[in-house]
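Data first, discussion second: the structure below is written as C-alpha cells.
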Amino acid sequence: MSFPIEHQAQDQEFTVNIDSHQGELAYSFPTEGVIDFTHTFVDKALRGQGVADALARQALDFAREQKLHVRTSCEFMEKFVQAHHAEYQDLLA
C-alpha cells in the first residue's frame, strides 16, 4: 500500500496524514554526514497498516540518496533496520 508521505525538511521529519490521522518519523543530524532517526509515531487509527514501515523506507531511501550514514536512536527504526539488515547494512554508521 502507498501512503502520502511528505518530507518536512525544515522540521526534520517525514510525515503522513490520512483522514486527519498522523504519522511521523523524526530525525536529526548529530554530526556531518550522519542522520539519526530519533522518534516514530503513528496514530492508533493507522497502526497495523504498514504506515511506520513506509515512513522508515522513505527515510532510509532519503539517507541513501543523500549519502548519509544512519544511526537509529528510535527503537522502532533500530528493529526495522535489523529486520531488513541486508537491504540497509551499508547505511549504518
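Every number in this text was worked out from the coordinates using simple rules, so none of it is lab data. Just so it is clear, the structure is predicted and the values come from calculations on it, not from any experiment. As a convention, Cβ positions derive from the backbone with ideal geometry for all residues, glycine included, and neighbour counts pool all protein chains shown.
A few points about this structure:
- Using a Förster distance of 22 Å, the FRET efficiency for GLN22-LYS79 (Cβ separation, nearest 0.05): 0.55
- Fully extending the segment from ASP90 to ARG47, taken as 0.36 nm per residue of separation minus the present Cα-Cα distance, adds 12.6 nm.
- Extension gain for the segment ALA9 to GLU65, taken as residue separation times 0.36 nm less the Cα-Cα distance, is 18.7 nm to one decimal.
- Beta bridges per DSSP, both residues in the chain: antiparallel share near 75 percent.
- Average 1/r across all pairs of distinct alpha carbons in the chain, invert it, and you get the Kirkwood radius: 13.2 Å.
- Calculated mean residue ellipticity at 222 nm for the chain: -8500 deg cm²/dmol, from DSSP H runs with n ≥ 4 weighted as -39500 (n - 2.57), summed, divided by the residue count and rounded to 500.
- Listed residues GLU78, GLU65, GLU13, most fluctuating in the chain (Gaussian network, C-alpha, under 10 Å): GLU65
- Relative to the dominant Cα principal axis of the chain, helix 51-65 is inclined by about 30°.
- Counting Lys and Arg as +1 and Asp and Glu as -1 over every other residue whose Cβ lies under 11 Å from the Cβ of ALA26, the net charge comes to -4.
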